[in-house]
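The structure under discussion appears below in the form of structure tokens.
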Amino acid sequence: MNPVIDYHALAPEIVLSVTIILCLLVDLFIPDRPRLVPQLASLGVLAAIIPVLTLAVSGTDVSMFGGAFVVDNYALAFDGLFLVVAYITLLVSFDEIADGDYYGGEYYVLLLTSVLGMVMMASSRDLVSIFIALETISIPTFVLAGWRKHDTKSNEAAIKYFLIGVLSSAVMLYGMSLIFGFANGTKLSVISEYSAGSPPALFAVAIFLTIVGFAFKVSAVPFHFWAPDTYEGAPLPVTAFLSVASKAAGFVALLTIIRFGFFNSSDSWQPLIWVLAAASMTFGNLAALRQTNIVRMLAYSSIAQGGFILVPLAVAGDVSGPSAWEAVLVYLMIYAAMNLGAFAVVMAVSRRTHSTEISSFAGLGRVDSVNAVMLSLFMFSLAGIPPLAGWFAKFVIFRAVFDAGTTAAVVLGVIAALNAVVAFFYYSNVVRRMWFDEAPEVVSSPRPASVALTLAIGITVVVVVVVGVYPEVFARLGQLAFASG
Amino acid sequence: MNAVIFFIFAASTLVGAGGVVLARNPVHSALFLVQTLLSVAVLFLLQDAELLAAVQVIVYAGAIVVLFLFVIMLIGVDRREALTETLRFQRPIAVALGAIVLAEIIFLTGHTWATGAATQSGVPITGSTSSGDLGNNIQRVARVLFTDFLWPFELTALLLVVAVVGSVVLARGSGDRSERSIEEPSSTADSESAS
């Protein structure tokens, strides 16, 4: 009965935990060196990547705590994604937190704790672990969303996010408690065995409630209404973090719970995810068309992108191979790079213009051609234009749809294709404004982008271009992650 | 003997309950509530409900009342509290008490970690499930908590720390650099904003 602890397998989590405690102590006892905490935080994240790599090289799957915590290729792939996203989020945070007139030490503690929850989420195979990981992800982000305390929009963002987050947790817990009652266990393997039998109709209600809870977290329509206000009100680095890392973690939870737990009762979850996917894509894109603020536009666009990520999940029960799971992973990796990049450029530009209205991007091509080129690349990638990475993300999704081949899958594929066309309009609108419109009057007091912000833009643009031209990189990662399972 | 203990703690429960209503200072009210809840926990113990008693202490006296105190301290700051510590020796005593608790835990586990292979004293973790003797409620819950659910349990500790950090960050009078630099007139904040 003694739990066997493999410290190598736990190393990413342990490194992050130690970094969090160190940041807290350093911030408390060495207050006159404000650069120290961010440096420590980014070092910690980089250090946590090392054990992920060594574990991937060693290649042996580790299962601990009675199978509740598993370190395999699947978990490591998402660990790597979360840690890289965390590092880029840290890079884009430095300026904003240092200049923002708001004290920043705790910012990094909260951000890293959220990342710790994500890293744990990837390895969790048990309802209790998944729930605790999800709360560890969410609770720090409630505070981060309200970081600008004297800005009523930021307050609104935090309150809305908090209330919706708590509500969704309650709904999800209710579903989980029903599942526990039916399956007589919280481990996903136990639930999987149970659902392979003939569960009663109420089990479908339990699955419904659990998935609705996750739908709030990934802001799928119709559970999305908090997202635009929260994204607009929160500080920009936090918005980038919420729309990429936090959302990806929600998808990982959904993927894990469906793949290892509910898979056998695909009658219960497939129609639900189908509706969520179709509604998210359609509503997200139509709403994004009408936005005049680029952050709100990216918020609705991320709802629509979330709908695209749900597409392979909605057909996963009918796909024999792992191509649906692979599609989710590959899409999340590409989405992370292009969305973080887009936010980084918006941050760099808004340091000069002090505005996130799309009109303030007019004529950027003449004023600041480097950032204009970068933003054009990210916008075209989000729209899915080859040879940028976005096309491959769309490609893997359509491949999963064709692998499924059912009528429902094909209809969903058609909806996705139509939405890709709609999305092109608002993404290209930003590009058109940047290159063809006259620049407005230049606002005074430009603040130049720092090295860190430039580095973040650089990393993401390299990913977007390289993966677009040579998609084998991510495709191979996807295959490796799902090779054994 | 049981009757004596019952009457003592029943009285204590009532006194605490009265104190909650009658106290002028909300902090005192909350502390009286702790007294009531702890006394009820003892009443549970008298009924051989060990787990219920432990949960009463941990959840009510520990979590909920601490939450009350937090809300009172963070929100009810209309009048300026004296920031000097009136109890002069509270810091050393706090450190000493912490050290004693740590020593106690180490002693009880028989100088091995909670996850270690051999637990010489205290309750053995090792396989009594097959032999049929599962121990009482507390031992069974503890065994599950420190084996199968050890990892989420440990993470919850960090989660609680972060929840405290987050609530302090949000509720602190102001996060402004400018006001901070008034509080601590060091030149760092000014040189930062100037550069």
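Assign one of three labels to the range A:291-364, namely rounded, prolate or oblate, based on the Cα gyration tensor with a ≥ b ≥ c the square roots of its eigenvalues; rounded applies when a/c is under 1.5, prolate when it is not and a/b is larger than b/c, and oblate otherwise. Since a/c reaches 1.5 and a/b is larger than b/c, the shape of the range A:291-364 is classed as prolate. Counting only protein heavy atoms and a probe of 1.4 Å, the accessible surface of the protein assembly as shown is 69% carbon and sulfur.
Given their separation in residues at 0.36 nm each and the Cα-Cα distance between them, A:Asn429 and A:Phe180 gain 84.7 nm when the chain is fully extended. Beyond 26 Å, the tail of the calculated P(r) for the range A:1-153 holds 28 percent of the Cα pairs. Taking A:Lys160, A:Lys247 and ordering them by how much accessible surface each has at a 1.4 Å probe, largest first, produces A:Lys160, A:Lys247.
The mean count of C-beta atoms from other chains within 10 Å of the C-beta of residues in A:65-71, rounded to a whole number, is 3. Backbone geometry of the range B:50-60 corresponds, through the Karplus equation with coefficients 6.51, -1.76 and 1.60 at θ = phi - 60°, to 3J(HN,Hα) couplings of 5, 5, 4, 5, 5, 5, 4, 5, 6, 7, 6 Hz, x marking Gly and Pro. Label-to-label distance, B:Phe89 versus A:Arg35, with points set 7 angstrom from Cα along the beta-carbon direction: 4.6 nm.
Residues A:Ile139, B:Ile100, sorted by accessible area with the largest first, give B:Ile100, A:Ile139 [1.4 Å probe; ligands and nucleic acids excluded]. For the segment A:146-153, counting C-beta atoms of other chains within 10 Å of every residue's C-beta and taking the mean gives 2.
Based on C-alpha pairs under 8 angstrom that are at least 6 apart in sequence, chain A has a relative contact order of 14 percent. Kindly flag which residue pairs out of A:Lys153/A:Lys187; A:Lys217/A:Lys394; A:Lys149/A:Lys217 have an alpha-carbon separation exceeding 31 Å in this structure. Pairs exceeding 31 Å: A:Lys153/A:Lys187.
A cut-off of 5 Å between modelled amide H atoms, ignoring neighbours fewer than 5 places along the same chain, links A:Asp126 with A:Leu188.
Listed values for the range A:31-42 are Karplus-derived 3J(HN,Hα) couplings in whole Hz (6.51 cos²θ - 1.76 cosθ + 1.60, θ = phi - 60°), namely x, 8, 10, x, 7, 5, 5, x, 5, 4, 5, 6, and x replaces Gly and Pro. Note on chain A: dipole from Cβ charges, positive end direction compared against A:Leu255, A:Thr282, A:Leu313; the farthest Cα belongs to A:Thr282. Buried surface between chains B and A: roughly 3300 Å² of accessible area, summed over both sides, computed with a 1.4 Å probe on protein heavy atoms only. In the range A:11-481, a dipole from Cβ-located charges (positive for Lys and Arg, negative for Asp and Glu) runs towards its positive end, and of A:Met434, A:Ala86, A:Ser243 it is A:Met434 whose Cα lies farthest in that direction.
Note on the protein assembly as shown: with charges restricted to the Cβ of Lys and Arg (+1) and Asp and Glu (-1), its dipole about the Cα centre is near 640 debye. Counting Cβ atoms of other protein chains within 10 Å of each residue's Cβ and taking the mean over peptide A:134-144 gives 3. Each principal axis of the range A:11-481 carries a Cα extent, and these read 68, 54, 43 Å when sorted largest first. Amide H contacts of A:Asn293 (H built 1.01 Å from N, in plane; Pro and chain starts excluded): A:Ile358 sit under 5 Å, all sequence-distant by 5 or more or on other chains.
In this structure the range A:231-350 gives 18 Å² per residue of accessible area when probed at 1.4 Å with all protein chains present. Between A:Lys153 and A:Val421, the contour length at 0.36 nm per residue exceeds the Cα-Cα span by 93.2 nm.
The values are calculated or read from the model by the stated rules, or taken from the named source; none is laboratory data. This is a predicted model, so every value here is computed, not measured. Cβ atoms come from the backbone with ideal geometry, glycine included; neighbour counts cover every protein chain shown. These area figures cover heavy atoms from the full protein model, side chains too; ligands, DNA and RNA do not enter into them. Shrake-Rupley method; radii C 1.70, N 1.55, O 1.52, S 1.80 Å.
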